[in-house]
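*Asks:* Here it is, the structure, as structure tokens.
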Number of protein chains: 2
Amino acid sequence: MTTSSTGSGGNGDIGDGRTAGGGEGGSNTDGIDPDVRAELVRLRESIDNIDAAVVHMLAERFKCTQQVGHLKAAHHLPPADPSREAQQIARLRRLAENANLDPAFAEKLLNFVIAEVIRHHERIAEDTNTRG
Amino acid sequence: MTTSSTGSGGNGDIGDGRTAGGGEGGSNTDGIDPDVRAELVRLRESIDNIDAAVVHMLAERFKCTQQVGHLKAAHHLPPADPSREAQQIARLRRLAENANLDPAFAEKLLNFVIAEVIRHHERIAEDTNTRG
């Protein structure tokens with residue numbers, strides 16, 4: 001596994017929205033060395049497995065936050081808990097660092113998921129709260 | 001588990017950046033019914049477990065995409081593969097739907113992760129490509 005310079009660019013292998021050369025229809029890995037292709041397929045299968053795992057983990061996470069939302073609403077608890085939030089961010093950053101993942105990315109990801117949780121809860125509130 | 005109206009707001013339980021009432025220091029779940037608190041703790045533990053799992057899954061995913069990046073660079077393959085990308089998005093949306101997760105959210109999440117992959121690859125390219 002060596003690196004060589006190909007200039008900056010996607011290399012994402014996962015759809016970065018920038019097309020490489022208009023190769024529509026058919027993968028642009030057609031015609032490459034069979035060993036290289038096999039290695040690429042192996043890695044892509046792992047990426048796909050991981051993506052499926054993450055999607056299912058997040059589906060489960062939203063089930064939990066949904067329950068938290070209903071619980072808090074039913075017991076008139078404040079929606080946000082700053083000390084809990086601070087703990088979560090600190091913990092995630094620590095976990096990310098140990099896993100060799102950029103802690104700033106982990107924090108951004110948490111915020112991204114949180115934005116979706118808020119969207120869910122706003123929907124719950126709209127459904128239950130019919131004010132003019 | 002019933003819903004009641006508390007107006008729109010976080011309900012995120014995971015840090016939405018909006019503080020609920022300036023309750024600094026100490027959790028704002030202090031003084032609530034022990035059964036409710038126990039339920040909240042149970043849900044929060046699940047959320048924390050899931051977050052740890054996701055962080056580790058993503059660390060593993062970046063290891064894979066890093067390898068893909070090096071492989072493509074070494075064999076002068078184009079960085080992006082539009083047909084692969086389209087397949088990934090379609091598959092993730094399908095998985096999300098089956099898991100009761102908003103497919104649009106799954107797609108946005110993939111794009112969020114992809115942006116980080118691109119950042120990684122740009123760093124690789126910068127490290128290996130010292131152009132004036």
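The values are calculated or read from the model by the stated rules, or taken from the named source; none is laboratory data. If you're wondering where the values come from, they're calculated on a predicted model, not measured in any experiment. Cβ coordinates were reconstructed from backbone atoms using ideal geometry, including for glycine residues, and neighbour counts include every protein chain displayed. To get the accessible areas, we keep the full protein, side chains included, count just its heavy atoms, and leave off ligands, DNA and RNA. Shrake-Rupley method; radii C 1.70, N 1.55, O 1.52, S 1.80 Å.
*Asks:* Any chance you could count how many residues in segment A:49-82 are open to solvent by 30 Å² or more (accessible area, probe 1.4 Å), part of a helix (DSSP H, G or I) and either among the hydroxyl-bearing types (S, T, Y) or free of Cβ contacts under 8 Å to residues at least 12 places away in the same chain (or both)?
*Replies:* 9
*Asks:* With (1) closer than 17 Å to B:E45 by Cβ; (2) assigned to a loop (DSSP other than H, G, I, E, B) as the list, and A:N100 as the residue in question, which single condition is left unmet?
*Replies:* (1)
*Asks:* Considering every residue within segment A:90-112, establish whether at least one is open to solvent by 20 Å² or more (accessible area, probe 1.4 Å), aromatic (F, W, Y) and closer than 30 Å to B:Q88 by Cβ.
*Replies:* yes
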